[in-house]
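Since the structure comes first, as structure tokens, the remarks are kept for the end.
The values are calculated or read from the model by the stated rules, or taken from the named source; none is laboratory data. These numbers come from a predicted model, not from an experiment. Positions of Cβ are generated from backbone atoms using ideal geometry, with glycine treated the same way; all protein chains shown enter the neighbour counts. Calculation scope for accessible area: heavy atoms of the full protein, side chains included, ligands and nucleic acids excluded. Shrake-Rupley method; radii C 1.70, N 1.55, O 1.52, S 1.80 Å.
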Amino acid sequence: MDLENGRCRVVIEGISPQIDGGRYPIKRIVGDSVSVRADVITDGHDLVAGCVRYRPVTEDKFVEVPLAALVNDRWQAAFTVDSVGRWEYAIEAWIDGFATWCHDLERRVAGGTDITVDLLIGARLLGDAAKRATADDKTILTTAAAAVADSKADPAARAEIALAPELASAMARNPDRSLATRTATFAIVVDRPRAGFSAWYELFPRSFGPPGAHGTFADAEKVLPYVASMGFDVLYLPPVHPIGRAHRKGKNNSLTCEPGEPGSPWAIGDETGGHKAVHPDLGTLADFDHFVRAAAGHGLEVAIDIAFQASPDHPYVTDHEEWFIKRPDGTIQYAENPPKKYQDVYPFNFESEAWRSMWEELCGIFSFWIGHGIKIFRVDNPHTKALAFWEWAITRIKAEHPDVLFLAEAFTRPKVMYALAKRGFSQSYTYFTWRTTKHELTEYLEELVNSDVSEVFRPNFWPNTPDILPEHLQHGGRAVFCTRLVLAATLSSSYGIYGPAFELMENVPRAGSGEYINNEKYELRHWDIDRADSLRHVIARINEIRREHPALHNNHSLEFHHTDNDEIVCYSKQDRASGDAVLVVVNLDPHHTQSAWVTLDLESLGIDGEAPYQLHDLLGEGRFLWHGAKNFVKLDPHEMPAHIFYLKRRSRREQDFEYFA
């Protein structure tokens, strides 16, 4: 045991929130409250007091907020993080000598014990505090010390002075902290609101040129009103860099590339440049900058893909061969995920002896694109790169640009996904794509929302991606697309879709795979975005609901409610500040009408169980009057497989008036 001062008797344990003993920062959104709790204990019967000390790391001074007692030696204090960047907090606690003395004095007075000596002790405590106090408190405490020490005065009157509430307040403002115990500091990364609430839309700019022609940034600008009309706020572009020709993949991932086939955007780099260049067929960097500004004019923030891998034609391969893995035959190791082979891609070697120069260059790629107006990065397969690199690079970038966000595309083992979040990723893809039953959804969301994972891991739910066409989308028809859309957009405060494949309900896989046939990763597509059966209007309405209801801007309030049919899932979200509450009921069966009795937790929803309450279906615009906790629902998936209810909570009198009006 290594003690700085063995006389410090207060022990602080059970601190929350913190991750791995404070090794990694917790995450918050600007404006969030941070509620800190801890067990604060000491030997004997002395009373304790304490505070939470917090600050942005850019500030020199800590701000303090007093700890308040809960139960069983558990204490709490809260503060608000009001700026983006890195913050820190610590807990400090001490023996409250004056409060202990007052407690004992009250008991002695009540018991008729002689308190002469006790009053002298109290006077000394008051006098010592006066020496620590500022001007106003100094006068109060000095005067009180003299009165309590006055042996000519009646002891009962002296005790009454000592026990006055205003004197206790003055003493609490000037405690003796010479033997205080202080914890280490715990870090907080505070992000801008988009880190916690966002709707993403992915498209390939090259697919929006004239039929059969490679699209440009200028062509893609014409699609911006369409994306904005659906209510998205993040427009995500796959890699926009030059594409290598060596081992270029053809249509449907064929090893044979026919003349004119564009190749995969993830095979980055050719003679025209690498990660700091744009594909010549898309345009120039100036054209890219114009696209970013045009998107902003439509309320869209552009995110780009960063994939740390290289085509065999990438300048890095010739200039920095030491950054790659060489096989015994002298060739460079291409990427594999057996049985899949990616001959058109070379992974970087994070065990290279030249790792320092490689780290600097890779980090510089982010800085380059930040210089071109990009503040959101979707990172491809970060789990195949060194965790230490991400912690170093993200911390370094956010120190200079605290508003930059990183989305981890890591479909891997859960603990690896959480490890990436600990090391700085702002959001992450999840297993939602494959969670389809009520039990699977409930269990998974409970893990994400009601465990320590929620302190660092922000889920971003995607029903589909260019890589993933899950089986249920292949066979469930229009209903399952609507179901997965509602679930993604309301279970998680951040979600995204790969379009236009999603709204046009593309559902045909390549034989023997869970990927799309005629995959846009390997060929140009031409999308009829004005098709009559498109889901664009459903998407627009759901995104409108999300924007209008603060309850859907968070995950922490998610609560599942009981249903007596496993094909019906019901859950709610609330926003305490605004009083907004949303209840979602979804039919998970895309083929059949399902019904259920739903039992709500009325207390948690703030609903008077004795009065009727109104639900407004924000999707179908119907209005329902429910009574009590248990109510009946019936959903036809061929009409709309879900209700998104706005819960109108009023006083009993208001509800009765509306009911009888």
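Would you check if E360 is over 18 Å from H247 (Cα atoms) and among the acidic types (D, E)?
Values: over 18 Å from H247 (Cα atoms): yes; among the acidic types (D, E): yes.
In short, yes.
Number of residues in segment 506-533 that are open to solvent by 30 Å² or more (accessible area, probe 1.4 Å) and either more than 21 Å from P205 (Cβ to Cβ) or basic (K, R) (or both): the value is 13.
Please specify each residue of segment 36-68 satisfying the condition of being touching a residue at least 40 places away in the same chain (Cβ under 8 Å), hydrophobic (A, V, I, L, M, F, W, C) and more than 19 Å from I26 (Cα to Cα). Within segment 36-68, V40, L47, V48, A49, C51 meet the criteria.
Here is a yes/no grid of residues against (1) of a type in the set (G, A, S); (2) under 30 Å from R536 (Cβ atoms); (3) open to solvent by less than 30 Å² (accessible area, probe 1.4 Å):
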site	(1), (2), (3)
F389	no, no, yes
A410	yes, yes, yes
T437	no, yes, no
E447	no, no, no
F461	no, yes, yes
L469	no, yes, yes
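As for segment 228-237, it holds no residue that is out of contact with any strand residue (DSSP E or B) (no Cβ under 8 Å at 6 or more places or on another chain) and at positive phi. Within segment 392-404, the residues that satisfy the criterion of being open to solvent by 10 Å² or more (accessible area, probe 1.4 Å) and either in a loop (DSSP other than H, G, I, E, B) or closer than 14 Å to G373 by Cα (or both) are H401, P402, D403.
Considering only residues that are in a helix (DSSP H, G or I) and open to solvent by 10 Å² or more (accessible area, probe 1.4 Å), look in segment 365-387 and name the one that is farthest from W87 (Cα to Cα).
Taking segment 365-387 first, the residues in a helix (DSSP H, G or I) are 365-370, 382-384, 387.
From what is left, the residues that are open to solvent by 10 Å² or more (accessible area, probe 1.4 Å) are 367-368, 370, 383-384, 387.
Values: S367: 23, F368: 26, I370: 23, H383: 27, T384: 30, L387: 22 Å.
Among them, the one singled out is T384.
Just give me the residues in segment 340-356 being outside any strand (DSSP E or B), under 30 Å from P205 (Cα atoms) and open to solvent by 40 Å² or more (accessible area, probe 1.4 Å), in sequence order.
First pass over segment 340-356, keeping only residues outside any strand (DSSP E or B): 343-345, 349-356.
Okay, now just the ones that are also under 30 Å from P205 (Cα atoms), so 343-345.
None - no residue of segment 340-356 is outside any strand (DSSP E or B), under 30 Å from P205 (Cα atoms) and open to solvent by 40 Å² or more (accessible area, probe 1.4 Å), so the list stays empty.
Restricting attention to segment 600-640, the residues that are assigned to a loop (DSSP other than H, G, I, E, B), within 21 Å of E559 (Cβ to Cβ) and not hydrophobic (A, V, I, L, M, F, W, C) add up to 6.
Considered as a group, the residues in segment 567-598 that are within 22 Å of the chain's Cα centre (by Cα), aliphatic (A, V, I, L, M) and in a strand (DSSP E or B) include one that is nearest to L635 (Cα to Cα), and that residue is V584. Under the condition of being surrounded by fewer than 18 Cβ atoms within 10 Å (Cβ to Cβ), part of a strand (DSSP E or B) and out of contact with any helix residue (DSSP H, G or I) (no Cβ under 9 Å at 6 or more places or on another chain), the residues counted in segment 290-336 number 2.
With the structure loaded, tell me whether L235 is surrounded by 23 or more Cβ atoms within 10 Å (Cβ to Cβ) and within 30 Å of A335 (Cβ to Cβ) or whether it fails that test. So L235 fits the description; yes.
Within the group Q594, Q614, which residue is open to solvent by 10 Å² or more (accessible area, probe 1.4 Å), out of contact with any Asp or Glu (no Cβ under 6 Å at 6 or more places or on another chain), modelled with pLDDT of 95 or more and of a type in the set (S, T, N, Q)? Spell out the reasoning first.
On the way: Q594 fails: out of contact with any Asp or Glu (no Cβ under 6 Å at 6 or more places or on another chain).
Answer to the check: Q614.
Taking L552, is it under 18 Å from the mean Cα position of the chain (by Cα), modelled with pLDDT of 95 or more and of a type in the set (A, V, I, L, M, F, W, C)? Yes, satisfied.
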